[in-house]
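Here is the structure we will look at.
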Amino acid sequence: AACSSEFSSSASQKKASSANGKTRMLRVSGYIAVPDSTSGTYTANGELVAKAQVDLKAEASGKLVKLYAKDGQKVSKGTLLAKLDDAELQANLKSAKTALDLAEKKAARTKTLYGKDGATAEELESAESAVESAKASKELIEAQLQKTEVRAPFAGTLGVVEVSEGAWMTSGAQIATLTNTSELKVEFELPQRFSRYANMGDKVVLIDTEQGIKADA
């Protein structure tokens, strides 16, 4: 019988170890996996944005006759910022008011006659219907007049004003941007794998690394 030199060498080493009375030992490292919960703390980059921001635009078409807005101006809610030409609408409103006045007087006379059997119920109903129609026409013109004015929907600061007096404005033309920075909010993205751990009311810590500011939200 024959055996390789490798076997003979291994056998010889074992024999020598036994002869010396020593046991060869190998050092290993091991880890035991156990279930655990996450720490519940996540980090993400965010961006500060204004509480409210809106592009101020004309709701109607017409010539811009008055511009009160200025670059960087701070305005309160309801401040008149721009006015479009409303001469034609004002004339229509005057006519509508006259028509409403006449309709109301006619309805009053008809009601008096109806009480004395001098008018029929149909005539009274027609007169009252004419009053309602005249009121609707007046309210429609007043609504159109409101669209010739551009007012601040909330308090804030104007950006760059993009128009000048005398310009022809089309519906939807931008005048300026209004921003409310009295309060700020943070927009950030959280990885989807963390979404099941995020709950309404969780504490958020905001850190401005440039200015070294830290705040809780």
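Take the Cβ atoms of ALA173 and LYS94, set R0 to 30 Å, and the FRET efficiency comes out at 0.60. Spatial offset of the stretch 175-197 relative to the stretch 126-163 amounts to 34 Å, using the alpha carbon center of each. Within the set of other residues whose C-beta is less than 11 Å from the C-beta of GLN174, count the net charge using Lys and Arg as +1 and Asp and Glu as -1. Within the 11 Å Cβ shell, the charges total -1.
If you take all C-alpha pairs in the stretch 78-135, what percent of them are over 19 Å apart? When all Cα pairs of the stretch 78-135 are counted, 47 percent exceed 19 Å. Heavy atoms of the protein chains alone define the surface here; on that basis the chain has 78 Å² accessible area per residue at 1.4 Å probe size. Between LYS57 and ILE175, the built amide H atoms are under 5 Å apart, and every one of these is 5 or more places off in sequence or on another chain. To put it simply, the accessible area of the chain at a 1.4 Å probe is 50 percent carbon and sulfur. In order along the stretch 106-119, the Karplus-derived 3J(HN,Hα) couplings, from 6.51 cos²θ - 1.76 cosθ + 1.60 at θ = phi - 60°, round to 5, 5, 5, 5, 5, 5, 5, 5, 5, x, 9, 6, x, 8 Hz, and Gly and Pro are given as x.
Computed on protein heavy atoms with a 1.4 Å probe, the accessible areas place THR209, THR112 in the order THR209, THR112, largest first. Each residue of the stretch 181-190 is assigned a 3J(HN,Hα), and the resulting list reads 10, 5, 9, 10, 10, 10, 10, 8, 10, 10 Hz, derived from the Karplus form 6.51 cos²θ - 1.76 cosθ + 1.60 (θ = phi - 60°), x at Gly and Pro.
Kirkwood Rh over alpha-carbon pairs of the chain, then Stokes-Einstein at 25 °C and 0.890 mPa s: what D in µm² s⁻¹, rounded to an integer? In µm²/s, the coefficient rounds to 93. Close amide H pairs (under 5 Å, H built 1.01 Å from N) link LEU206 with ALA215, ASP216, ALA217, residues at least 5 positions away or on another chain. Here the Karplus curve 6.51 cos²θ - 1.76 cosθ + 1.60, taken at θ = phi - 60°, turns the phi angles of the stretch 131-137 into couplings of 5, 5, 5, 5, 5, 5, 5 Hz, with x standing for Gly and Pro.
Each label was represented as a point 7 Å from its Cα along the Cα-to-Cβ direction; for SER182 and THR43 these points are 3.6 nm apart.
Between TYR68 and GLU210, what length in nm is gained on full extension when 0.36 nm per residue of separation is reduced by their alpha carbon distance?
47.4 nm
Each 10 Å bin from zero up to the one holding the largest Cα-Cα distance in the stretch 107-217 carries the following percent of pairs: 9, 18, 16, 14, 15, 13, 8, 6, 1.
For TYR68, the residues whose amide H sits under 5 Å from its own are ALA82, LYS83, ignoring neighbours fewer than 5 places away on the same chain, with H placed 1.01 Å from N.
What whole-number volume per residue, in cubic angstrom, does the convex hull of the C-alpha atoms of the stretch 52-107 give?
With only Cα atoms used, the stretch 52-107 gives 137 Å³ per residue.
Using R₀ = 25 Å, calculate the FRET efficiency as 1/(1 + (r/R₀)^6) where r is the Cβ-Cβ separation of LYS57 and GLU165; round to 0.05. Write down the numbers at each step before the final one.
Details: r = 17 Å, r/R0 = 0.68.
The formula returns an efficiency of 0.90 here.
The values are calculated or read from the model by the stated rules, or taken from the named source; none is laboratory data. Values in this document were obtained by computation on a predicted structure and should not be read as measured data. All Cβ positions, even for glycine, are placed from backbone atoms using ideal geometry, and neighbour counts span all protein chains on display. With ligands, DNA and RNA removed, areas are computed over all heavy atoms of the protein, side chains included. Shrake-Rupley method; radii C 1.70, N 1.55, O 1.52, S 1.80 Å.
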